[in-house]
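The values are calculated or read from the model by the stated rules, or taken from the named source; none is laboratory data. Since this is a predicted model, take the numbers as computed values, not measurements. Glycine gets a Cβ as well: all are built from the backbone with ideal geometry, and neighbour counts include every protein chain shown.
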Amino acid sequence: MADRNDTPFYVGYLDMPKALKGPARLIALVLLLIAGLAAAWIASGARDAGQGYWGYGIEQTLTGRIALAPYPMLHVAGEAPQTVLLVVEGKLGAEAFVAPFDGQMVEVTGYDIHRGPWRMLELRTADDVKPVAGAGLTVAEGLPQPLGRVTLKGEIIDSKCFLGVMKPGEGPVHRACATLCILGGIPPMFALKDAAGNRAAYLLTDAAGNQVNDAVPPYVADPVEISGALERRGDILVLKADMGSVRRLVGDELVAYGPRLIEGIETAICTLPG
């Protein structure tokens, strides 16, 4: 009679032998631990996606005066300047919805988008804009205040995604989306960091204060240098760029530029560098 082999053997459709259950559990726990540590290590090296907010589905209603220049915006009624950029669902600017109300007092309903001090409202239909009587309402817009000439390094981004609709809303991974948004009328912005680590974001126009949606797409998501005039308009900052000065960073200056854009310093996103 042949010798009996008592070595435990696992057959998939039968219960696992008791002698194998202990080692199997230990191996499973070790693998789970390794997977958890690997996930934590990968996450620790990921770039901060930013602290932008998009209140999709949560309606906000604001009252103020419509302005089309340089981009559609609402100057909110109140004693302190408060500017809200206006866009439409999808990759579209709001000019078609608000153009009939330029300079008028209106009530606007939409979804709130914000990052740092920048705020935007996403409209759904033309019915989200309704004229209202302006008697007794104060709108503090503030006169344009020149802040001098600057030469800055940063990236051209679309404001809608960067302020909260996409995370991250900048860099090469977002190039195609940002390009389509800007071509669709979303206000472009210039986001930057200086050598001292200060971060800022400026609404971007040409030197005459006009829209640049057709001019900037070739430079979107690439670190670039821009020269122009800074201007404060109430609570927002505008970079009136000399469009002929826009150039990509290359070689040593690209290396010196270092990590891309905003990385965790949200409170300084609208402060002047230096």
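Laid out as a table, the results:
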| read-out | value |
| --- | --- |
| Members of segment 131-153 found to be surrounded by 13 or more Cβ atoms within 10 Å (Cβ to Cβ) and touching a helix residue (DSSP H, G or I) at 6+ places or on another chain (Cβ under 9 Å), listed by number | 153 |
| Residues satisfying the stated conditions in segment 89-107, i.e. part of a strand (DSSP E or B) and in contact (Cβ under 8 Å) with a residue 60 or more places away in the chain | 92, 93 |
| Near pairs, Cβ below 6 angstrom, 6+ apart or cross-chain, from segment 182-199 (within 19 Å of residue 52 (Cβ to Cβ) and of a type in the set (Ser, Thr, Tyr)) to any residue that is surrounded by 20 or more Cβ atoms within 10 Å (Cβ to Cβ) and modelled with pLDDT under 95 | none |
| Search result, residues across segment 213-234 that are of a type in the set (S, T, N, Q) and assigned to a strand (DSSP E or B) | 227 |
| Some residue of segment 184-202 being in a strand (DSSP E or B), over 20 Å from residue 71 (Cα atoms) and among the basic types (Lys, Arg) | yes |
| Test result for residue 124, among the basic types (Lys, Arg), surrounded by fewer than 18 Cβ atoms within 10 Å (Cβ to Cβ) and more than 28 Å from residue 92 (Cα to Cα) | no |
| Yes/no for residue 116 being of a type in the set (Gly, Ala, Ser), touching a residue at least 24 places away in the same chain (Cβ under 8 Å) and surrounded by fewer than 16 Cβ atoms within 10 Å (Cβ to Cβ) | no |
| Filtered residues of segment 77-110 (kept if surrounded by fewer than 21 Cβ atoms within 10 Å (Cβ to Cβ) and under 12 Å from residue 165 (Cβ atoms)) | 89, 90, 91 |
| Those residues of segment 234-267 which are under 22 Å from residue 52 (Cβ atoms) and either over 21 Å from the mean Cα position of the chain (by Cα) or at pLDDT 90 or above (or both), in sequence order | 234, 235, 236, 237, 238, 239 |
